[in-house]
Amino acid sequence: MYINAASTISHQPTFRNAGFSELIEPLDNSSELISPNYKEYIDAGLLRRMSKILRMSVAAAKDCLTQAETAQPGAIIVGTGLGCLQDTEKFLNTFLSIEGLLPPTSFIQSTHNTIAGQISLSIGNHGYNMTHTQNTLSFEHALIDTSLLLGEGKDNIITGAADEFIAFLDEAAEHLNASSKHHLTSGASFFILGKNKTEKSVARVKDVRTAGLIQDIDAAIDSFLLDNFLNISEVDLVLYSDFSEKEKMDSVAHQYFNEHYHADSKLINYTKLSGLYPTNSAFAMHYAVDRIQREPKLKNVLILNGLNKINLGLTLIESLEA
Amino acid sequence: MESLKEDLKKQIIEQLNLEDLQVSDIDDDSLLFSADGVGLDSIDALELIVLMEKFYGIQVTNPEEGKDAFLTINTMADYIEKNRN
């Protein structure tokens, strides 16, 4: 499937900023979400009720439609790991503190599928509307769904992923002894994916695969590359993410690719760039597209999502010249 | 009565996240649910029912009654005056 548009709102200057991959540095702990002027993208009547994740997602999705010069997508498919946390927290706090009737908006908008729903409402789309929530593999599942739907004849599908940070996550991580070296952040990345190459196409998603309860990561990567007729040395850039507290040379990506990759620039831990959220592999896909557009020598980029050690996501992005 | 109307406008702006509006932007006789007035919608109507109970202790149980009561700030204030204990 071909990527015909890409848009990301994150803690990095990614939004409407082609070439951002050359500019960005690893995030520090004081980074904040960089929000556009949402009023330029979202009707004021809808905007006033939208939480952070909804604003990010609708603005990024609409930016994709503008880039692809498409009025209506064939479908809307969203991946989210934790869904609409701001509204969930608001609803639960109200639930605990108020007797009697509860305000409906935060309840209505607390469900994960609000994101795809609000995108469809904001553009008046009545097509297939689906939400995938599969922990750290939510975005990859959205991509697989997109691929299946393109095979059934739909085209120009809005596919993306979003997650939002709320302060409670830091508190919860501390209680669970799961504090990370990475900064917890928010992010939304959306794409227009089509079946055929068009003048708007910027790269291609050649393959995507997920594995739950993964036992042998090396074998999974071997098999993925083999099925795509690639040697390790033909992968020009590996974007990886893992939750390991160990030094980077111990990480899965480094263990596997170390023999073939002597330059650090070929192995990039994208969580250092995006910050930590369950669907940051969507950020990695936009980063890959941005790099491919600027570096003609990049033909194959592998996104290795090992953010959750029991899940593995593998996505192969190919340049149009490959 | 005037202070009740001011209070009501403040609560509506806050509870319905009418970010772009100030109290002075809402006339007492503006139609709340008209695009020419404040431009509220059906979800806002549910929020107003909750607002009436939470801040004024009034349960709006009859939908027909609510329709008339929520026409303008004036009708809301009248309804509150008549129904609160």
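Derivation of every value follows stated rules applied to the coordinates shown; laboratory data play no part. Nothing here was measured: the structure is a model prediction, and the numbers come from that model. Every residue, glycine as well, gets a Cβ built from its backbone with ideal geometry; the counts of neighbours run over all protein chains shown.
A few comments on the model shown:
- Both radii were evaluated on the Cα set of chain B; the Rg over Rh quotient, with Rh as the Kirkwood radius, amounts to 0.91.
- Antiparallel DSSP beta bridges within chain A, percent to nearest 5: 60 percent
- Projected label distance in nm at A:Gln255 and B:Asp78, using a 7 Å step from Cα toward the beta-carbon: 7.6 nm
- Here the protein assembly as shown is described by how far its Cα atoms reach on the three principal axes: 81, 48, 35 Å, from widest to narrowest.
- Label-point separation, B:Glu2 to A:Glu69 (7 Å along Cα→Cβ), nm: 5.9 nm
- Counted residue by residue at 0.36 nm each, then reduced by the alpha carbon distance between them, the extension gain from B:Asn62 to B:Ala35 reaches 7.3 nm.
- Fully extended contour minus Cα-Cα distance, from A:Asn135 to A:Arg16, at 0.36 nm per residue: 40.1 nm
- Reported to the nearest whole Å, the Cα centre-to-centre distance from segment A:274-322 to segment A:1-73 is 18.
- The GluC sites (Glu not before Pro) found in chain B that occupy coil by DSSP, while having at most 16 further C-beta atoms within 10 Å, are B:Glu19.
- Length released on extending from A:Ile98 to A:Asn177, taking residue separation times 0.36 nm less the Cα-Cα span: 25.3 nm
- Choice from B:Gln22, B:Gln11, B:Gln59 with maximal GNM fluctuation in chain B (Cα, 10 Å cutoff): B:Gln22
- Estimated purely from DSSP H runs of n ≥ 4, each contributing -39500 (n - 2.57), the mean residue ellipticity at 222 nm for chain A is -10000 deg cm²/dmol once divided by its residues.
- Under-5 Å amide H pairs with A:Tyr240, H placed in peptide plane, nonlocal only: A:Ile268, A:Asn269, A:Tyr270, A:Leu304
- Here the label points at A:Ile232 and A:Lys197, each 7 Å from Cα along the C-beta direction, are separated by 3.0 nm in the simple model.
- Label point 7 Å beyond Cα of A:Asp170 along Cβ direction - residues of segment A:16-31 with amide nitrogen under 13 Å: A:29-31
- Structure remark: mean-square fluctuation, Gaussian network model of chain A, C-alpha springs under 10 Å; the largest value among A:Ala61, A:Ala18, A:Ala173 belongs to A:Ala173.
- Considering only A:Leu225, A:Leu184, A:Leu176, the Gaussian network model of chain A with Cα springs below 10 Å gives its largest mean-square fluctuation to A:Leu176.
- Violating pairs (Cα-Cα greater than 20 angstrom) within the set A:Lys52/A:Lys195; A:Lys272/A:Lys309; B:Lys9/B:Lys54; B:Lys5/B:Lys82; A:Lys52/A:Lys90: A:Lys52/A:Lys195
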